[in-house]
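Encoded as structure tokens, the structure appears first; notes follow it.
The values are calculated or read from the model by the stated rules, or taken from the named source; none is laboratory data. On a predicted model such as this, the values are computed, not experimentally measured, just so you know. When we count neighbours, we look across all protein chains shown, and the Cβ atoms used for this are built from the backbone with ideal geometry, even at glycine.
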Amino acid sequence: MTTFAEHVELCLARIGSDGFAPAFADFVETLAVEQIMVFAIEETRARCLLSRHFSKGALAGTLAASYLDGWFLQDPLLPELRSLVPGAVTVRHLDQIAEGMSPDYRRIFFDEVGLRAKTTLLAAGERLRLFVSLYQANPGAGAPAEDVARLLGRLVLVHFERSGETSGPPALAVLSERERAVCEGILSGRKAEAIAADLDIAASTVVTYRKRAYAKLGVTSRAGLFAICRE
């Protein structure tokens, strides 16, 4: 079994590379987190940089579609994120921000999807301002310790500050090479048969890779895939 220190060491070694996202996801999975999502927040838009789901219920497509459609502007933590000095990473829990939510925001992002616990890491860099959201359906599982949560935020911030632009949607970086290729084919509007021909595999294998990719990303449909890959 990989130790805590080994997980951290592997993440540090892969910062700025394509190998960071899978290593980071493996690390997060050990912390009783069901879904992690990383959003880069800009003045008038938000982008999903990372999405990884670890339990049976798929949440990412539902959460991202609404959040990226403008609801991020009603995030009660947005003013704090925008005021952070570069290099700062702070930790906030659901019970600390619940009173600042509008009823509709609470309904869409928590009640309707069955989320009962959330830890949000606010991370500010020279180029990026990030929300790193750690979701749990069971509050009894316990949130990551504060120092561990800040470490997660720091790792993600340093990685995305260094990595710059990617050749494909950043959210797909947690996937295997074949899973990513299938999702990129779907995003380009190609059907399973055409993707299979491109990759020299059977159409049924494309379906298998698609199912695996959707499960990892926390989406259940093309619409959910498009939501987390929106630029």
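Considering each of Thr44, Thr62 in turn, give the residue that is surrounded by fewer than 19 Cβ atoms within 10 Å (Cβ to Cβ) and hydroxyl-bearing (Ser, Thr, Tyr). The match here is Thr44.
Could you please find all residues in region 127-148 being at pLDDT 90 or above and either in contact with a Cys (Cβ under 8 Å, 6 or more places away or on another chain) or hydrophobic (A, V, I, L, M, F, W, C) (or both)? Walk me through it before giving the result.
As a first pass, look at region 127-148 and keep what is at pLDDT 90 or above: 127-134, 145-148.
Passing the criteria: Leu128, Leu130, Phe131, Val132, Leu134, Ala145, Val148.
Residue count for region 208-231 satisfying the condition of being at pLDDT below 90 and under 20 Å from Phe24 (Cβ atoms): 1. Restrict the check to region 212-227 and report whether at least one residue is touching a residue at least 60 places away in the same chain (Cβ under 8 Å), closer than 30 Å to Val91 by Cβ, outside the structural domain of Leu94 (by TED's automatic domain parsing) and of a type in the set (D, E, K, R). Checked region 212-227: at least one residue is touching a residue at least 60 places away in the same chain (Cβ under 8 Å), closer than 30 Å to Val91 by Cβ, outside the structural domain of Leu94 (by TED's automatic domain parsing) and of a type in the set (D, E, K, R). Filtered by the rule that a residue be of a type outside the set (S, T, N, Q) and in contact with a Gly (Cβ under 7 Å, 6 or more places away or on another chain), region 153-179 gives Leu157, His159, Glu161, Arg162. Taking region 177-209 as the range and being of a type outside the set (A, V, I, L, M, F, W, C) and in contact (Cβ under 8 Å) with a residue 24 or more places away in the chain as the test, the residues that pass are Arg178, Glu179, Arg180, Tyr209. crowded, with 24+ Cβ neighbours inside 10 Å, at negative phi and in the same structural domain as Glu146 (by TED's automatic domain parsing): is that true of Ala23 in this structure? No, not satisfied.
Keeping to region 189-201, report how many residues are in a loop (DSSP other than H, G, I, E, B) and closer than 28 Å to Ala23 by Cβ. Before you say what the answer is, go through the steps one by one.
Step one: list which residues in region 189-201 are in a loop (DSSP other than H, G, I, E, B), which gives 189-191, 200-201.
With closer than 28 Å to Ala23 by Cβ added as a condition, the list becomes 201.
Here the count works out to 1.
Considering region 74-107, the residues that are of a type outside the set (D, E, K, R) and within 18 Å of the chain's Cα centre (by Cα) include one that is modelled with the lowest pLDDT, namely Leu94. His7 meets each of the listed conditions (1) buried (at least 16 other Cβ atoms within 10 Å of the Cβ); (2) in contact (Cβ under 8 Å) with a residue 60 or more places away in the chain; (3) farther than 16 Å from Lys118 by Cα; (4) touching a Ser or Thr at 6+ places or on another chain (Cβ under 8 Å) apart from (2). For region 120-129, residues that are surrounded by fewer than 24 Cβ atoms within 10 Å (Cβ to Cβ) and either out of contact with any Ser or Thr (no Cβ under 6 Å at 6 or more places or on another chain) or at positive phi (or both) total 6.
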